[in-house]
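To keep things clear, I will list the structure first and then write my remarks on it.
The values are calculated or read from the model by the stated rules, or taken from the named source; none is laboratory data. Computed from a prediction, not measured in an experiment: that's the story for all the values here. FYI the Cβ positions are ideal-geometry reconstructions off the backbone, even for glycines, and counts take in every protein chain you see. Accessible surface is based on the protein model in full, side chains and every heavy atom, while ligands, DNA and RNA are left aside. Shrake-Rupley method; radii C 1.70, N 1.55, O 1.52, S 1.80 Å.
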Amino acid sequence: MKNLHILFIDDDEIERLKFNRICKQSSYKTTIIEAENGEEAIKILDTQLPQLIVLDLNMPKMNGIEFLHVLRANDKLKYIPIVVLSSSDNKEDVKKCFEIGVSGYFIKPLHYEDYKQNITNTLAYWSANNLLT
């Protein structure tokens with residue numbers, strides 16, 4: 001099983017801890033790089049290219065939608081798959097994200113087990129995906 005390199009972008013420390021815990025407890029090999037906002041993520045992407053980005057939308061400095069626009073305008077970065085994991089169930093946000101080119105959109109569930117299942121399913125899919133470099 002290959003190691004899946006993930007850039008996880010979320011300003012909430014508890015969300016970052018939760019995501020890391022689920023990845024470590026899963027049967028999938030992952031390396032997690034964390035960023036607290038889009039600006040920090042862009043700096044990380046200057047030196048490291050993940051195979052997958054998991055992105056929150058509601059963040060300070062550069063929110064998720066702004067980050068998506070910057071990423072998709074960059075020829076080197078625009079092909080990195082992005083899965084949005086957000087508390088926003090706003091239909092316009094969802095539509096806008098898919099128009100920009102995200103690979104998936106999950107609303108953060110209230111129950112931990114549902115959250116864990118969403119993350120585990122995401123890891124399963126992207127770990128099995130042979131298109132990732």
Among the residues of region 46-72, what is the count of those that are of a type in the set (S, T, N, Q), touching a residue at least 12 places away in the same chain (Cβ under 8 Å) and open to solvent by 70 Å² or more (accessible area, probe 1.4 Å)? 2
Since G101 meets every condition but one in (1) surrounded by 14 or more Cβ atoms within 10 Å (Cβ to Cβ); (2) farther than 14 Å from F8 by Cα; (3) at pLDDT 90 or above; (4) touching a helix residue (DSSP H, G or I) at 6+ places or on another chain (Cβ under 6 Å), which condition does it not meet? (1)
Meets criteria (assigned to a loop (DSSP other than H, G, I, E, B) and of a type in the set (V, I, T)) for T31: no
Among (1) in contact (Cβ under 8 Å) with a residue 24 or more places away in the chain; (2) over 16 Å from G38 (Cβ atoms); (3) surrounded by fewer than 18 Cβ atoms within 10 Å (Cβ to Cβ), the one test that Y115 misses: (3)
The correct count of residues that are hydroxyl-bearing (S, T, Y), touching a Lys or Arg at 6+ places or on another chain (Cβ under 6 Å) and more than 19 Å from N121 (Cβ to Cβ) in region 71-92 is 0
Scanning region 16-25 for residues that are in contact with a helix residue (DSSP H, G or I) (Cβ under 9 Å, 6 or more places away or on another chain) and crowded, with 17+ Cβ neighbours inside 10 Å, the one farthest from D114 (Cα to Cα) turns out to be C23
Being open to solvent by 30 Å² or more (accessible area, probe 1.4 Å), touching a residue at least 24 places away in the same chain (Cβ under 8 Å) and among the basic types (K, R) narrows it down to one of K91, K78, K43, K29, so name that one. K29
Filter result for L131 (at pLDDT below 95 and either assigned to a strand (DSSP E or B) or open to solvent by 20 Å² or more (accessible area, probe 1.4 Å) (or both)): yes
Being within 20 Å of E40 (Cα to Cα) and among the basic types (K, R) is the filter here; which residues of region 71-106 pass it? R72, K76, K78
